[in-house]
Amino acid sequence: MVSVKHEKSDLPVGVIGGVGPLATAYFLQRVVQRTEAHSDQEHVDLIVFNHSSIPDRTEFILGRSQEDPGPVLAEDARRLERFGVSFLVMPCNTAHFFTQQVLDAIDGEFLSIIDVTVNAALDRAEQVTKVGLLATQGTSASHVYHDAFAAHGVEVITPDTEDQSIVNSLIYDDIKAGRPIDPDELRKVAGRLVERGAAVVILGCTELSVAAVDHDLLDEEPFLDSMDELVRATISHAGYTVRG
């Protein structure tokens, strides 16, 4: 994706975080690492609400919980806006199912991880017709990526039941639980999506982004990491330069 640098604002960027906590921490780390800066004062100012107790997004989307995360995310957005921010970001793909509730709660701008990732995928592969998606069941069921890509005539393909179980286990049993993963499991699942015609495979869960950073998958084909794209877009949108 070609990042468009904006004018710098005196206001910080607001981060709706805690969904999940480790992914939020990695997002902040990556913003620091990817910003072209030579002193503390040259980095992006951020206000982070690491609200870890927000109800589970996937459980609600799949109808397994009655606890609606939407109003909580909307109130978090309002709190950040009242503090005074230039724009808001949310480093969680599944939570973007509730984007409209967030937008209805604020007057300012919201930078979508879905939008920046879709744009990056279209930029990377010429005449792309299919992309693979590795994500939570909630993200897949919500069709946030399916709908966004469909607007460009691109089909989203997801893992079969067996491979989705592998992805679920990596996200919930390993990464969210603070346990190490076997990156080859991720590579194998991605490879099977490529065999089905995926031009790129999107890491559409920021827990998988954590694994991508830890295991140097960001530059590996066929992966395209949603958090990395949000990091780059956040830096540029705040008026700073992306390193490298």
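For the reader, a short list of remarks on this structure follows.
- Under the simplified labelling scheme, the D115-Q66 pair shows an inter-label distance of 3.5 nm, with each label point 7 Å from Cα along Cα→Cβ.
- Using the Cβ-Cβ distance between A151 and E75 with R0 set to 35 Å, the FRET efficiency from 1/(1 + (r/R0)^6) comes to roughly 0.75.
- Of the solvent-accessible surface of the chain, computed with a 1.4 Å probe over protein heavy atoms with every protein chain present, carbon and sulfur atoms account for 46 percent.
- Global geometry of the range 139-244, whether rounded, prolate or oblate, following the gyration tensor of its Cα atoms and the 1.5 cut on a/c: oblate
- Within-11-Å neighbourhood charge of K176 [Cβ basis; K, R +1; D, E -1]: -3
- A crude spin-label estimate for the pair H6 and E162, with each label 7 Å from Cα along the Cβ direction, gives 4.6 nm.
- Comparing Cα centroids, the range 26-104 and the range 179-201 end up 27 angstrom apart.
- Highest average first, the peptides 50-57, 24-31 ordered by how many other beta carbon atoms sit within 10 Å of their residues are 24-31, 50-57.
- Peptides 146-159, 174-187 ordered by average Cβ neighbours within 10 Å, highest first: 146-159, 174-187
- Mean ellipticity per residue at 222 nm, deg cm²/dmol - from DSSP H runs of n ≥ 4 across the chain, formula -39500 (n - 2.57): -13000 deg cm²/dmol
- Cα gyration tensor shape of the range 55-199, rounded if a/c is under 1.5, else prolate or oblate by comparing a/b with b/c: oblate
- Straightening the chain between V242 and S39 buys 71.6 nm, computed as 0.36 nm per residue apart minus the Cα-Cα spacing.
- The listed peptides 60-68, 111-119, ordered by packing as a protection proxy, come out as 111-119, 60-68 (highest mean of other Cβ atoms within 10 Å first).
- For the range 102-213, the per residue solvent-accessible surface stands at 42 Å², with DNA, RNA and ligands left out and a 1.4 Å probe.
- Cut-off 14 Å between beta-carbons: net charge of the residues surrounding G132, Lys and Arg +1, Asp and Glu -1: -1
- For the range 86-142, a/c is not less than 1.5, where a ≥ b ≥ c are the root eigenvalues of the C-alpha gyration tensor, and a/b does not top b/c. That puts it in the oblate class.
- Computed label-point distance, nm, for sites R82 and D184 using a 7 Å Cα→Cβ extension: 5.3 nm
The values are calculated or read from the model by the stated rules, or taken from the named source; none is laboratory data. Predicted model, so just to flag it, every value in this text is computed and none were measured. Neighbour counts are summed over all protein chains in view; Cβ atoms, including those assigned to glycine, are modelled from backbone coordinates with ideal geometry. In case anyone asks, the SASA skips ligands and DNA or RNA and just uses the protein heavy atoms, side chains included. Shrake-Rupley method; radii C 1.70, N 1.55, O 1.52, S 1.80 Å.
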